[in-house]
Amino acid sequence: MIRERTQGLAFIILAAMALLFSMFLQPFSLHVEIVAIALLIIVFGLPHGALDPIFAKNLLQIKTTARWAMFVFLYLMLASLVVVFWWLSPFLFLVFFLLCSVFHFSGDLASGTAVATRFLYGGACIVLPAALHAPQLGEIFALLVGQERGVFLADFLHVLAWPWLAALCLASLQTLARDWLASLEIFAVSSLVLVLSPLLGFTLYFCAMHSARHIVRSKNYAGMTYLAVAGVSVLPLFFLGVMVALGWIFLPQSSLDERIIQFVFVGLAALTVPHMALVERIRFLGWSQTVQHERNG
């Protein structure tokens, strides 16, 4: 619990610094942002998913090489089905991915946070960027699903954005009395994705909050040192690197920006679905027990 709260404080400080610097720096071009966020997500965001073997071993009682091979096969098959989904129906895929993200990101907050607050928080990085940056968000969506549907989805989120922000502010104030740190985390995430550009706000949230928190929780859950946790991730990251290379080669020919956006977000969706199949079970069955165990120890 202490490590998780330390990570939360570090994220809040980082968010404050990013918002401060954004007041003095000139906005980056969309191309520069696309390249930068791709590198940041690959280096700092994706590795948290490489810890899935920790949960698979415990949940599925995997003890033999044959069972590990079956797990890897099923994991990759599920990820591949997500890619096929995007290939066949890009718009439905994007809606599905955004809804899954709302549910998955809602798990960041500490145990005991109200369900409604979790839902509003989970949707913050999806909905709030459209409040001030709907045209730019539409450009990004267009690279995934085409111009007309991309703009439509961004405009729809723009309609939701301000009421969503108002509800989130109320939820944050209600959370303040019970857990001041969770309230500040909600405020920090909301401020990042509201003020910064959609890509930059999402990337800072995903890497410094979501991914970092998952790594801390994984370490607590497994009762391992950070060095041991890093060791677990080596082999999955190697195979992920191979998949990244193959994915880049076989993506349809298009402009560089379109290829990078498709590569990053389709890849994220493909890995998120099997990742959620494991982690969400731990979230509902194990996170609170693990945190309580650490507090008692």
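The values are calculated or read from the model by the stated rules, or taken from the named source; none is laboratory data. Predicted model only: the values in this text are computed from it and were never measured. Reconstructed Cβ throughout: ideal geometry from the backbone, glycine too, with neighbour counts over all protein chains shown. Just the protein is used for accessible areas: all its heavy atoms, side chains included, with ligands, DNA and RNA removed. Shrake-Rupley method; radii C 1.70, N 1.55, O 1.52, S 1.80 Å.
Points to keep in mind about this one:
- All conditions in (1) open to solvent by 60 Å² or more (accessible area, probe 1.4 Å); (2) under 24 Å from F265 (Cβ atoms) hold for L51, with the sole exception of (1).
- Within segment 193-204, the set of residues being part of a helix (DSSP H, G or I) and within 18 Å of L98 (Cα to Cα) comprises V193, L194, P198, L199, L200, G201, F202, T203, L204.
- A188 vs. criteria in a helix (DSSP H, G or I), surrounded by 14 or more Cβ atoms within 10 Å (Cβ to Cβ) and within 19 Å of the chain's Cα centre (by Cα): yes
- Residue list for segment 136-185, filter: acidic (D, E) and either in a helix (DSSP H, G or I) or buried (at least 20 other Cβ atoms within 10 Å of the Cβ) (or both): E139, E148, D155, E185
- Pairs, first over 19 Å from P47 (Cβ atoms) in segment 240-251, second part of a helix (DSSP H, G or I) and modelled with pLDDT of 70 or more, C-beta under 7 Å, six or more apart: L251/R259; L251/Q262; L251/F263
- Breaking point among (1) in contact with an Asp or Glu (Cβ under 9 Å, 6 or more places away or on another chain); (2) hydroxyl-bearing (S, T, Y); (3) open to solvent by 30 Å² or more (accessible area, probe 1.4 Å), for S197: (3)
- Contacts under 8 angstrom Cβ, first residue in segment 24-45 being of a type in the set (D, E), partner in a helix (DSSP H, G or I) and modelled with pLDDT of 80 or more, 6 or more apart: E33/L199; E33/L200
- Members of segment 104-116 that are touching a Phe, Trp or Tyr at 6+ places or on another chain (Cβ under 9 Å) and either without any contact (Cβ under 8 Å) to a residue 40 or more places away in the chain or farther than 27 Å from A212 by Cα (or both): S106
- Single match in L25, L76, L30 (criterion: of a type in the set (A, V, I, L, M), modelled with pLDDT under 95 and open to solvent by 80 Å² or more (accessible area, probe 1.4 Å)): L25
- Residue in segment 275-287 that is modelled with pLDDT of 75 or more and more than 21 Å from the chain's Cα centre (by Cα) present: no
- Residue ID - surrounded by the fewest Cβ atoms within 10 Å (Cβ to Cβ), chosen from residues in segment 79-112 that are farther than 30 Å from E185 by Cα and aliphatic (A, V, I, L, M): L88
Residues are listed down the side, and each one gets a yes or a no for (1) modelled with pLDDT of 80 or more; (2) more than 18 Å from the chain's Cα centre (by Cα); (3) among the charged types (D, E, K, R); (4) on the phi < 0 side of the Ramachandran plot:
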{"residue": "M209", "(1), (2), (3), (4)": "yes, no, no, yes"}
{"residue": "H214", "(1), (2), (3), (4)": "yes, no, no, yes"}
{"residue": "N220", "(1), (2), (3), (4)": "yes, yes, no, yes"}
{"residue": "L227", "(1), (2), (3), (4)": "yes, yes, no, yes"}
{"residue": "L237", "(1), (2), (3), (4)": "no, no, no, yes"}
{"residue": "G241", "(1), (2), (3), (4)": "no, yes, no, yes"}
{"residue": "G247", "(1), (2), (3), (4)": "no, yes, no, yes"}
{"residue": "L251", "(1), (2), (3), (4)": "no, yes, no, yes"}
{"residue": "S254", "(1), (2), (3), (4)": "no, yes, no, yes"}
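- Some residue of segment 84-93 being over 30 Å from E4 (Cα atoms), assigned to a helix (DSSP H, G or I), touching a Leu at 6+ places or on another chain (Cβ under 7 Å) and touching a residue at least 24 places away in the same chain (Cβ under 8 Å): yes
- Test: residue in segment 59-71 that is part of a helix (DSSP H, G or I) and within 16 Å of the chain's Cα centre (by Cα): no
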